[in-house]
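Visitor: Structure in structure tokens, see below.
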Amino acid sequence: MSEGAVELTIEGSIAAVLFDRPQARNAMTWAMYEQLRNICGQLQNDRGVRVVIFRGAGGKAFVAGTDIEQFQSFSHGDDGVAYERRIDHCIEQIERLPMPTLALVEGWAVGGGLAVATACDFRIATPDARFGVPIAKTLGNCLSIHNLARLTAVFGSSRVKRMLLLAELLGAEEALACGFLLQVCEPAEITATALKLSERLAALAPLTQSVTKEGLRRLASHALPEGEDLIRRCYASRDFHQGVAAFVAKKAPVWEGE
């Protein structure tokens with residue numbers, strides 16, 4: 001399994017974070033999550049950076065979730081709890097960045113990729129972009145309470161139920177209509193559109209942007225209920241383990257509800 005990479009480049013006041021594993025639709029490995037955390041830590045105190053753009057390599061996907069082969073080593077529910085904590089911490093680091101953030105979505109943004117895009121302040125996508133968390137069809141695991149709250153805040157509970165209970169993928173036009181996307185534009189135009197928006201953001205008051213972001217983050221995360229019992233229930237189940245095995249073997253899972 002190729003480890004892939006998350007790469008940071010900075011030009012002037014604009015930083016670009018690239019998820020670079022196009023042969024696997026930029027599915028995240030543990031090494032990539034660690035690199036993303038380190039990059040967010042570097043950007044946190046860089047006052048010269050005014051905007052951060054997140055993008056997937058290859059033009060076919062933003063991030064297609066976490067690489068499922070890694071779940072083969074999970075043996076009990078606490079593995080799932082540790083994993084969801086890792087994801088929550090990584091996503092929170094994106095949310096805590098003091099400068100505006102922008103996700104450029106070309107193609108798939110699913111699972112952990114949808115979480116990354118949701119953590120950004122703005123999202124621009126191509127018409128072929130697809131958004132969802134089809135784990136009821138693939139793995140039989142679940143999301144943390146924090147990620148459920150993030151998705152519900154931007155999509156509404158009805159769409160979140162469609163994504164999670166029906167394993168539906170939402171298209172770019174629906175994501176635009178519900179306010180999740182700021183804009184939909186053709187692939188040839190998305191880079192220029194993102195740079196124009198970044199320049200507009202970089203010209204505005206950074207302290208206003210920073211404290212507004214942090215205030216909104218605190219409101220969204222205030223008094224969320226505990227949910228690790230739900231995570232243990234899914235990740236300890238036979239369904240989850242046979243779902244991972246079936247996915248890796250490219251077979252259809254047979255759900256037992258246990």
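Read-outs throughout are calculated quantities, based only on the coordinates presented, and are distinct from any laboratory measurement. Quantities reported herein were computed from a predicted structural model and do not represent experimental measurements. Please note: Cβ atoms are built from the backbone with ideal geometry, for glycine as well, and neighbour counts cover all protein chains shown.
Visitor: Hey, any idea what the orientation-averaged projected area of the convex hull of segment 118-169's Cα atoms comes to, in nm²? Each step should come with its number before you reach the end.
Guide: Working: hull surface 15.8 nm².
If you wrap the Cα atoms of segment 118-169 in a convex hull and average its projections, you get 4.0 nm².
Visitor: Once the principal axes of the Cα atoms of segment 5-201 are found, what is the range along each, listed largest first in whole angstroms?
Guide: Result for segment 5-201: principal-axis Cα extents of 47, 34, 31 Å.
Visitor: What is the ratio of the Cα radius of gyration of segment 88-220 to 2.2 N^0.38 Å, with N the residue count, to two decimals?
Guide: Values: Rg = 14.9 Å, N = 133, 2.2 N^0.38 = 14.1 Å.
Cα Rg divided by the expected 2.2 N^0.38 Å: 1.05.
Visitor: Further question: If amide H atoms are built 1.01 Å from N in the plane of the peptide, which residues on other chains or at least 5 residues away come under 5 Å of the amide H of Ala27?
Guide: Amide H neighbours of Ala27: Ala64.
Visitor: In straight Cα distance, which lysines are under 16 Å from Lys137, not counting same-chain residues fewer than 8 positions off?
Guide: Lys161, Lys250, Lys251
Visitor: On C-alpha positions alone, give me the angle between the axis of helix 206-221 and the longest principal axis of the chain, in degrees, nearest 10.
Guide: Tilt relative to the chain: about 20 degrees.
Visitor: Okay, helix-only estimate at 222 nm for the chain: each DSSP H run of n ≥ 4 adds -39500 (n - 2.57), divide by all residues, round to 500 deg cm²/dmol; what do you get?
Guide: On the way: 10 runs with 119 residues, N = 258.
Here the helix-only value at 222 nm equals -14500 deg cm²/dmol.
Visitor: Taking every pair of alpha-carbon atoms in segment 201-256, give the share separated by more than 18 Å as a whole percent. Don't jump to the answer; show the numbers that get you there.
Guide: Values: 966 of 1540 pairs.
The share of Cα pairs beyond 18 Å in segment 201-256 comes to 63 percent.
Visitor: Can you check how the C-alpha radius of gyration of segment 149-201 compares to 2.2 N^0.38 Å, as a plain ratio?
Guide: Values: Rg = 13.7 Å, N = 53, 2.2 N^0.38 = 9.9 Å.
Its radius of gyration relative to the 2.2 N^0.38 Å reference: 1.37.
Visitor: Here's a follow-up. With a 4.7 Å Cβ cut-off, tell me which Cys residues in the chain come up empty for a partner.
Guide: Result for the chain is Cys40, Cys90, Cys120, Cys178, Cys185, no neighbouring Cys Cβ within the cutoff.
Visitor: Still on this structure, I have one more. What angle do you read, to the nearest 10 degrees and between 0 and 90, between the alpha-carbon axis of helix 145-155 and the longest principal axis of the chain?
Guide: On a 0 to 90 degree scale, this one is about 60.
Visitor: Please quote Rg/Rh for segment 1-52 to two decimal places, taking the Kirkwood radius as Rh and restricting both calculations to Cα atoms. The partial results should precede the final answer.
Guide: Details: Rg = 11.9 Å, Rh = 11.6 Å.
That ratio equals 1.03.
Visitor: Taking the alpha-carbon distance from Lys196 and a cut-off under 22 Å, which lysines remain once sequence neighbours fewer than 8 residues away in the same chain are dropped?
Guide: Result set, ordered by chain and number: Lys213.
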